[in-house]
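Contents: one structure, followed by commentary.
The values are calculated or read from the model by the stated rules, or taken from the named source; none is laboratory data. All of these numbers come straight from a predicted model, not from anything done at the bench. Positions of Cβ are generated from backbone atoms using ideal geometry, with glycine treated the same way; all protein chains shown enter the neighbour counts. Only protein heavy atoms, including side chains, enter the accessible area calculation; ligands, DNA and RNA are left aside. Shrake-Rupley method; radii C 1.70, N 1.55, O 1.52, S 1.80 Å.
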Amino acid sequence: MEKLTIAELKALFNYMATFSTSPRENGITRLAYSAVDEQAHHYLIEKMQTLGLIVRQDAAGNVFARLPGFAPDLPAVGTGSHIDTVPFGGKYDGVVGVLSGIYALSQFAPKQLKRSLEVIIFRAEESSRFGFSCIGSKVLAGHVDVKSWQKNRDNTGFDFFEVIDKVGYNATHVAENRCELSDNYFSAFVEVHIEQGKCLEVANKKIGVVTGIAAPIRFSVTIKGHADHSGATPMSQRQDALVSAASIITDINHSACKESCYGTVGTVGKLDVLPNSMNVIPGMVTFFVDIRGIEVDSMLRVENSMNLAIQKASSDHGTEIEVRCISHETPVKLDSNICKTIEQICIERQIPYMPMLSGAGHDTMKMASKYPSAMIFIPSLFGISHHVDEFTEFEDIMLGADLLKETLAVLANQ
């Protein structure tokens, strides 16, 4: 087994940033299952094989790299994250967890630990391409929703199943849940990730021990009005789909603000307008709603307020409105025993840490539905994420990678 050095890990971070379809000054664009995403995965597969890990892929393209323990029949201890990005994103989101996992496993010899260790590179964690997130980990957890996933299409008009068949994987096997991991596959799972917020920075802490993860409720809203000449149509005779949409979007923002004391947020981040011309009243608008939180009742209050706003907008503006639920997920509480293990290591090593919640969703949410799971956060400068300015100091990355290594060792020898 070849150990990955600190210098090699740093170089690996920089090299991963070259797998992008956007100029470096504009951020990293590596959409799920794109050609450049495939290239990046194949590169890491070769790298992990060179290090001596046992590597395989499943029908969805998820990558598994295993270091055998001396009791290989026992459930393994898992780690990992994703390497796909949002458009014009940063080079740390997801990648930190994958490379930290590779580094941690490479520090041990085969059969040095009792249980085997395994890194997973989950596919399509970001919702940027298909409109829903954590696809790879949902596949592994047995949460494949064939009908819903077939309805959502990327910007080229293909659904998830069509795309993975085109790049050489097996949509039929995925749809039939053949990729689901057995209930005793892992004894524990731990993911390292950048915080994507300012809590650690503000509190002057180096490590966040994540005790729970917020979940999204997402909708597609399509409003049909009537496209007319912007100059010749009196205001009283209009069925303006965009004005109707604006009233709903404003209500979503207001209702989420009321629920912010519970950590709930509401966002409309994508909006399509037809015919999208300066001198034509918008005849159709589609927008996408993302409600997230830890408290389910709070999230449902925002959803209910949105539905009331939709009814009012339809009545006020004479528009037809269709709402489709894309995902309706439940917040996740993480394993207290693993969290205590991470905290104990921080105490012993005098690492400033804090327990915290994650407002963003992660693949660990799906792993936690089957296995005891936890997350380790490291700081994001100014809390910036999903942006070209996303940055984490390398010494913080190393601290997280070393903490992961020690945590995996403790869990593997239990």
Among the residues of the range 131-149, is there at least one that is free of Cβ contacts under 8 Å to residues at least 40 places away in the same chain, in contact with a strand residue (DSSP E or B) (Cβ under 7 Å, 6 or more places away or on another chain) and either among the β-branched types (Val, Ile, Thr) or more than 27 Å from Lys91 (Cα to Cα) (or both)? yes
Take the range 267-299 and flag every residue that is under 24 Å from Asp228 (Cα atoms) and of a type in the set (S, T, N, Q). Asn276, Ser277, Asn279, Thr286
What are the residues in the range 160-174 that are surrounded by fewer than 17 Cβ atoms within 10 Å (Cβ to Cβ) and either assigned to a helix (DSSP H, G or I) or in contact with a Lys or Arg (Cβ under 8 Å, 6 or more places away or on another chain) (or both), if any? Glu162, Asp165, Lys166, Thr172, His173
Which pairs turn up if I take residues in the range 88-106 that are at pLDDT 95 or above and look for partners that are surrounded by fewer than 24 Cβ atoms within 10 Å (Cβ to Cβ) and basic (Lys, Arg) with beta carbon separation below 6 Å, at least 6 apart in sequence or on another chain? Ala104/Lys405; Ser106/Lys3
Which numbered condition Gly361 fails, given (1) at pLDDT 95 or above; (2) in a loop (DSSP other than H, G, I, E, B): (1)
Taking the range 268-302 and keeping residues touching a strand residue (DSSP E or B) at 6+ places or on another chain (Cβ under 6 Å), part of a strand (DSSP E or B) and touching a residue at least 24 places away in the same chain (Cβ under 8 Å) leaves Leu271, Val273, Leu274, Met284, Val285, Thr286, Phe287, Phe288, Val289, Asp290, Ile291, Arg292
Among residues belonging to the range 18-29 that are part of a loop (DSSP other than H, G, I, E, B) and out of contact with any strand residue (DSSP E or B) (no Cβ under 6 Å at 6 or more places or on another chain), point out the one that is surrounded by the fewest Cβ atoms within 10 Å (Cβ to Cβ). Pro23
Candidate set from the range 326-342 (those that are modelled with pLDDT of 95 or more and not hydroxyl-bearing (Ser, Thr, Tyr)); member that is most open to solvent (accessible area, probe 1.4 Å): Lys340
Suppose the filter is over 19 Å from Cys257 (Cβ atoms) and either in contact with an Asp or Glu (Cβ under 6 Å, 6 or more places away or on another chain) or buried (at least 20 other Cβ atoms within 10 Å of the Cβ) (or both); does Val285 pass it? yes
Filter result (farther than 30 Å from Asp335 by Cβ, in a strand (DSSP E or B) and in contact with a helix residue (DSSP H, G or I) (Cβ under 8 Å, 6 or more places away or on another chain)) within the range 184-225: Phe219, Val221, Ile223, Lys224
Output the residue which, of all residues in the range 264-282 that are more than 22 Å from Ser327 (Cα to Cα) and either out of contact with any helix residue (DSSP H, G or I) (no Cβ under 7 Å at 6 or more places or on another chain) or among the acidic types (Asp, Glu) (or both), is least open to solvent (accessible area, probe 1.4 Å). Ile281
Take Cys261 and decide whether it is open to solvent by 70 Å² or more (accessible area, probe 1.4 Å), assigned to a helix (DSSP H, G or I) and touching a Ser or Thr at 6+ places or on another chain (Cβ under 9 Å). yes
Yes or no: Ile345 in contact with a Pro (Cβ under 9 Å, 6 or more places away or on another chain) and under 21 Å from Tyr371 (Cβ atoms)? no
Within the range 30-56, the residues that are open to solvent by 10 Å² or more (accessible area, probe 1.4 Å), in a helix (DSSP H, G or I) and under 20 Å from Ile102 (Cα atoms) are Glu38, Gln39, His42, Tyr43, Ile45, Glu46, Lys47, Gln49, Thr50
Would you confirm whether any residue within the range 57-69 is of a type in the set (D, E, K, R), buried (at least 24 other Cβ atoms within 10 Å of the Cβ) and in a loop (DSSP other than H, G, I, E, B)? no
